[in-house]
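Structure first, then comments.
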Amino acid sequence: MSLSAVIGYLLKGYVGEWRENPSFMKLFEESYYRGLLGFGKEKSFEIGGNKILLGGVPDDNKYYLFEHHSHTHYSDGDDFYKILPVLFKHKISLWALTDHNSTEGFDGHYKLLQEDGGSLSLNGVMEKHGVDTGSFEYSLEKMEPPNDKKFMKLVRTNRDNTEEIVMMRAVELKVGQGDIYEGELNLYGIPYGISISPGTQFEQAIRETLNLGGYSIINHPYWTEGIAAIKESDVERAVNAGASAIEINGTEILLAMFSNARTMRLVEKYDIPLVSSGDSHTPCMYGKSGIAFPKEEFDKALKVRDGDYLGTIRYLIENRLVLNYFNPISPFRLGYLLRGDNSKKYPPMRIGLEHLGIYI
Ligand SMILES: [Fe+2]
């Protein structure tokens with residue numbers, strides 16, 4: 001997309017929202033939006049029964065953090081192996097890699113795991129990719145049924161400690177609606193060995209995912225490639241087809257403000273759960289925004305479901321038993337972002353533009 005197309009798109013978005021909802025601009029005066037722009041301290045509030053924590057990260061002693069919309073070099077994100085230490089650093093417990101039209105990050109490793117008897121050391125390949133593994137041993141491990149085809153375990157150990165991240169098979173799929181529209185949809189928990197083809201009509205993709213025992217999320221609605229970029233009624237159709245939740249991007253707020261404002265209205269209008277994500281493409285975006293499951297609720301639900309992670313995650317999302325956390329990137333948060341994240345290589349403006357398909 002060219003820069004002039006992006007400016008046109010943004011103008012259309014903001015003017016369109018203002019015409020549909022004249023009080024929209026007043027939202028900027030409300031504390032929630034001031035918070036999104038980076039003013040103010042950490043705060044908690046609720047929208048449509050969805051719990052939100054703005055400007056903070058849930059306590060990992062009480063919550064399992066789920067990074068559920070993210071990219072690596074298997075599509076347009078940073079090196080897969082560079083991301084692994086970042087996930088541990090941010091105390092992520094659950095990770096869904098949603099590369100564009102690709103499950104290779106999961107499938108390639110899963111295949112090697114099968115050949116290697118269920119455990120695969122990663123230190124060699126990580127070092128080859130220039131990752132400093134320090135005193136840690138990194139490995140992937142197969143999981144037992146009913147999780148074996150949809151999840152793997154990423155393990156990091158040193159002398160004192162063992163940490164684990166459960167990684168889910170997922171994809172951000174380009175879906176179609178005849179020849180007039182293409183959008184994206186996040187699909188989770190489709191078993192290894194099965195894919196849904198890019199270009200599948202979006203309601204069909206949602207139904208197929210459900211039939212395969214997975215769930216789907218309406219990701220970044222209204223944003224350039226999201227469902228509803230053309231028609232709001234597409235969200236209603238996706239909800240009716242069985243989508244589990246609607247996503248708001250908690251990290252790239254500044255440019256995406258109008259789409260997030262609209263999404264908040266949709267959450268209440270269709271009474272659908274909200275999930276916050278980072279749509280992370282670079283190491284500095286990982287760990288900023290996502291959802292967190294209260295440990296007590298998660299463990300209880302997992303036990304009732306005989307250890308079925310997919311069923312547990314879906315149940316908790318659909319019943320709003322999650323805490324959404326947001327840490328927007330904005331000029332006001334630039335200092336916060338650059339401190340301790342080794343992200344000078346990726347200033348926020350570049351992240352925003354990259355997400356729009358502009359590479360500078
Ligand atoms: Fe994405």
key: Odd one out for Gly189, checked against (1) of a type in the set (Gly, Ala, Ser); (2) in contact (Cβ under 8 Å) with a residue 40 or more places away in the chain; (3) surrounded by fewer than 17 Cβ atoms within 10 Å (Cβ to Cβ)   = (3)
message = Looking only at the stretch 198-226, count every residue that is on the phi > 0 side of the Ramachandran plot and modelled with pLDDT of 95 or more and tell me the total.
response = 1
ask   = Within the stretch 62-73, is even one residue surrounded by fewer than 19 Cβ atoms within 10 Å (Cβ to Cβ), away from the ligand (no atom under 16 Å from the Cβ), modelled with pLDDT of 85 or more and not polar (S, T, N, Q)?
value = yes
ask   = Which one of Ala292, Ala301, Ala243, Ala229 is more than 17 Å from the chain's Cα centre (by Cα) and at pLDDT 90 or above?
value = Ala301
message = Looking only at residues that are surrounded by 15 or more Cβ atoms within 10 Å (Cβ to Cβ) and charged (D, E, K, R) in the stretch 289-304, which one is nearest to Leu65 (Cα to Cα)?
response = Lys295
ask   = Scanning the stretch 305-324 for residues that are within 13 Å of Phe66 (Cβ to Cβ) and either without any contact (Cβ under 8 Å) to a residue 60 or more places away in the chain or among the aromatic types (Phe, Trp, Tyr) (or both), which turns out surrounded by the fewest Cβ atoms within 10 Å (Cβ to Cβ)?
value = Leu321
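With the stretch 75-184 as the region, which strands (runs of 3 or more DSSP E) entirely inside it contain at least 3 residues that are surrounded by fewer than 14 Cβ atoms within 10 Å (Cβ to Cβ)? Steps first, please.
Details: elements: 92-97, 119-121, 137-142, 151-157, 162-176.
Those strands (runs of 3 or more DSSP E) do not exist here; none qualify.
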When residues of the stretch 170-184 are limited to those that are within 16 Å of the ligand (Cβ to nearest atom), of a type outside the set (Val, Ile, Thr) and at pLDDT 80 or above, the one nearest to Phe66 (Cα to Cα) = Ala170
query = How many of the residues in the stretch 112-130 are polar (S, T, N, Q), modelled with pLDDT of 95 or more and over 16 Å from Arg156 (Cα atoms)?
reply = 0
query = Looking at Tyr188, is it within 16 Å of the ligand (Cβ to nearest atom) and modelled with pLDDT of 95 or more?
reply = yes
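The values are calculated or read from the model by the stated rules, or taken from the named source; none is laboratory data. Here the structure is a predicted model, which means the values were calculated and not measured. Here Cβ is always computed from backbone atoms with ideal geometry, including for glycine, and neighbour counts include all displayed protein chains.
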